[in-house]
1. Which distance in Å, rounded to a whole number, links the C-alpha centroids of the range 267-290 and the range 24-99?
2. Could you look at the chain and say what percent of its accessible area is carbon and sulfur, using a 1.4 Å probe and all protein chains?
3. Would you mind counting up the charge near Ala172? Only other residues with Cβ under 14 Å from its Cβ, with Lys and Arg at +1 and Asp and Glu at -1.
4. Ranked highest first by the average count of other Cβ atoms within 10 Å around their residues, in what order do 136-142, 387-393 fall?
5. Compute the longest continuous run of the chain that contains no exposed GluC sites (Glu not before Pro); treat a site as exposed when its DSSP state is not H, G, I, E or B and it has at most 15 other Cβ atoms within 10 Å.
6. Accessible area per residue, 1.4 Å probe, Å², for the range 281-436: what's the number?
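The values are calculated or read from the model by the stated rules, or taken from the named source; none is laboratory data. Predicted, not measured: the structure shown is a model, and the values here were computed from it. Backbone-built Cβ (ideal geometry, glycine too); neighbour counts: all protein chains shown. With ligands, DNA and RNA removed, areas are computed over all heavy atoms of the protein, side chains included. Shrake-Rupley method; radii C 1.70, N 1.55, O 1.52, S 1.80 Å.
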Amino acid sequence: MSRPYATDEQYERWFMTECCRCGRRKHKAGSWPDGYVCRTCSDCAVRTRGICPGCGQERALPGRSPSDGAAICTTCAGFSQDFACTRCGFEDKLHGGRLCTRCTLTDRLAELLDDGTGRIRPTLVPLADSLLAMDKPLSGLTWLYTRKGQAGSPEHLLRRLGRGEIELTHEAFHPLQPWRAASHLRELLMACGVLPAIDKQICSFERWLVGHLSDITDPEHAQLVRRFATWEVLPKLRTRAEKKPLTPASRRYAGDQVKQATAFLGWLSEHDLTLSACRQTDIDTWHVEHNGHGRNTIRPFLLWCTASKLTRRFRLPAAVIRQASPLPHNERVDLLGRILTDHDLPLRPRVAAAIVLLYAQPLSRVVRLTIDDVIHDDDQVLLRLGEPPSPVPAPVADLLLSWIPNRDNMNTATNRDSRWLFPGRRAGQPMHPDALSALVNDLGIPTTASRVSAIREHVLDMPAPVVADALGYHQVTTAKLAAQAGGTWSRYAAGDHLRSPSGWTPGRTDDS
């Protein structure tokens, strides 16, 4: 097939030109009255919507007024190109068949979720409705084309769901690969009610456990580790999840327990030992050879083995919990002042850092806050961390109130109606604590040291039970911190001190 150009120079002139919008030399996307435009500027211009100052109609405003450069509609700009969808008439970026993005997404979902009858599988209709309701359908269309044509891509998983090749159970999603795409789809199904909602961290642990057990070569070891995970680790995770959502740290610790149990069984095999023949000297040798984290995480497995009569009783060293050193008070105050006054810093980590520095909250708890926890009562702003809600100083209150209407990750099917203060990218989930921690650390704020410093300041200024109730800490924790900090409230009695005990009457004094 002959080319319409003979040389590279002609190719450059034919396909590349200077965009009249951004001034860069790019591939031509079209010819508008004001000149050639690139694809990026064309898509951005078509997405600009509002009331046209020329005709007063609400339309897409890709054109520019020659007098003042204001955005105007295609009719007033004299465009020969039409951006109206041939199906719904909405002006938008056009795809195949001159359909807008939402209509294209509708057709694509109908094709992928077809159950063989030419219609969407009935049980998956809520999923299709949720994806089509997103504010930016282009995000959904982009997601569908991720890893296009490859096994495990979103379109491949959706097609298998539509045909019924993947059962609508949580267990069916455990072996699917790639696991990130499968997890995202499972969370979408939970968010729209197709799958029953369970804790995200339990989903993550169960998926990881399937792969971990398959990697254990010894069948007896695999069976023992499966029993330990099924009857000891998972029940505790589910019990904790019933009280409050699990944190990623809880899930990692549960995984470390299983991995240490596997490593311990392998260590016994290397030393020609079995679990039933393991003696106290062998336990002591293992503890000597491993660090503090290994000793702490193997403890639940050894206790379970003892309770299950798999081994004899052992004397185990007490678990050691290390505490971070607090940040000096003046450094903490300086950091708080910087995040409140430096408006060039990104807003999201500034808000999270202020909560850590003021209220000693771990980021695993910060991400679980919702906009309903920010109480705007007349001229006062309160933050519900415990009971009663804590007052928020005016500069921090302004920061919080400016963040709520400008939250990220609100324009997709995952979190368009999210109440999370820090919405995540996953359906119905807040931001991951590790991701938020990385953003806060980029500001130069050590989260753990700042939190320890803040809680020590609080227990020195107020009784430990009051701090525990207000900030959501356990009273034993705040009491220990108060003792370590040298607090003077050790004999403080919790409760309402303004109310007299029943039956008590004031005694007479010499002045009465």
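1. After rounding, the separation between the Cα centres reads 73 Å.
2. Numbers: 14480 of 28290 Å².
Carbon and sulfur atoms account for 51 percent of the accessible area of the chain.
3. On the way: positive: Arg160, Arg163, Arg186, Arg207; negative: Glu165, Glu167, Glu171, Glu206.
Around Ala172, the surrounding residues sum to 0.
4. Values: 136-142: 18.1, 387-393: 14.9.
The most tightly packed comes first, giving 136-142, 387-393.
5. Numbers: sites that count: Glu165, Glu167.
Longest run free of exposed loop sites: 168-512.
6. Working: 8010 Å² over 156 residues.
Per residue, the range 281-436 has an accessible area of 51 Å².
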